[in-house]
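Each value in this text was obtained by applying a stated rule to the coordinates, not by laboratory testing. Note that the structure is a prediction, hence the values are computed from the model and not measured. When we count neighbours, we look across all protein chains shown, and the Cβ atoms used for this are built from the backbone with ideal geometry, even at glycine.
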Amino acid sequence: MITTSLKRFYDPTFVVTPEYRKSLPDLQNGPASLIEGENVPIQQVGISDFKLPLRYPTRDGKELLLETSVDGYVSLDAGKKGINMSRIMRSFYKFKDELFHQDVLEYVLRMYREDLQARDAYINLNVNYPMLNKSLRSDLEGYQYYTVTHEGTMDEKGTMRRFMHIEFVYSSACPCSYELAEHARETREVAAIPHSQRSVAYITLELNEAMWVEDVVDLCREALQTETQVMVKREDEQAFAELNGAYQKFVEDAARLLYHVFNKSEMVKDFVVRCVHMESLHSHDAVSRISKGVPGGLR
């Protein structure tokens, strides 16, 4: 039945008193008797993709103000109806003025466990991280953006694990295509262009200690050599063609090259790398996936 006596207006002068706040219904934090479905624990519950600007230190001592997409989760025990979802966001906002580095994640995770009375806590900070890159031979430079996620987890014993996820975009010239093109030139004097493709390495690192994004990018460059360029003149385009000729690679080669640099880094505890070569010859992609091989580790 619709009650006709309800007032249809918004009162901007209404003040919420402590007594009124206590009277508000709260089904989400209700007793076990209100639980629907199987009364079992839930590993992660929370909110994702709430955005705010955060400050990050750079390796050269500067600061970046970056739009950050935050995912915050906690575990939920059996017998509990739910969590206070807004507290995930409200609790994080206590750190909004911090200079954010990976060590700060530990404080956030401890606060989540305390504020939401949870055993486990999880957090992801997702950013597009800019780095100013110089052209190969000219005097140009431009910003390369790296998709980066700083991830932290904490279990009921207070043990923290830290991860970094990063996407590194590079060019991959096919060694087979190069040899076939050269064969056509040499045997039949036919112009042939070997194919290459824009490729992406999706990298997950479990870290022993905090690690700069710049350090991870340097390792990727050391391994693959053919990062895509931002600003180019003709001399840069020619240099890039020479780089691709010098560092030809199949998708299997790319995975093993990245394995080599991350396996020797003392800051990296474990890793998994997925390389995707978006073929210009085929209508499908070539993919290779490799992990460090730690027993019970990342796969």
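Values for this structure:
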read-out	value
Neighbour-limited loop hits for GluC sites (Glu not before Pro), segment 66-149 (at most 16 other Cβ within 10 Å; DSSP other than H, G, I, E, B)	Glu98
Long-range amide H partners of Tyr170 with built H, under 5 Å	Ser199, Val200, Ala201, Thr228
Dipole-positive endmost among Ala173, Gln238, Leu105 within the chain (Cβ charges, Cα centre)	Leu105
Percent RCO, i.e. relative contact order, over segment 109-202, from Cα pairs under 8 Å lying at least 6 residues apart	22
Relative contact order for segment 42-291, counting Cα pairs under 8 Å that sit 6 or more residues apart, in percent	16
Euclidean distance between Cα centres, segment 13-27 to segment 207-253, Å	58
Entries of Lys80/Lys157; Lys264/Lys292; Lys249/Lys269; Lys94/Lys157 with Cα pairs more than 22 Å apart	Lys249/Lys269; Lys94/Lys157
Exposure proxy order (Cβ contacts within 10 Å, fewest to most) of Glu252, Glu189, Glu279	Glu189, Glu252, Glu279
Among Thr153, Thr17, Thr58: highest mean-square fluctuation, GNM of the chain, C-alpha pairs under 10 Å	Thr17
Karplus 3J(HN,Hα) series, Hz, for segment 269-281 with 6.51 cos²θ - 1.76 cosθ + 1.60 (x for Gly, Pro)	7, 7, 7, 9, 10, 10, 9, 10, 9, 7, 3, 8, 7
Charge sum, other residues only, whose C-beta stays under 13 Å from Val230's C-beta, Lys/Arg counted +1 and Asp/Glu -1	-2
Option label - log10 I(q)/I(0) by the Debye sum over Cα atoms at q = 0.09, 0.14, 0.16 Å⁻¹ computed here, alternatives (1) -0.62, -1.11, -1.31; (2) -0.43, -1.07, -1.38; (3) -0.50, -1.07, -1.32	(1)
Peptides ranked, highest mean first, by Cβ atoms within 10 Å: ranges 257-266, 289-298	257-266, 289-298
MRE, 222 nm, helices only [DSSP H, n ≥ 4, -39500 (n - 2.57), over the chain, to nearest 500]	-8000 deg cm²/dmol
Cβ-defined net charge surrounding Gly296, 14 Å radius [Lys, Arg +1; Asp, Glu -1]	+2
Surrounding net charge for Glu67, when Lys and Arg each add one and Asp and Glu each subtract one, Cβ distance under 15 Å	0
Candidates Val70, Val16, Val190, ranked by Gaussian network fluctuation over the chain, Cα under 10 Å, top entry	Val16
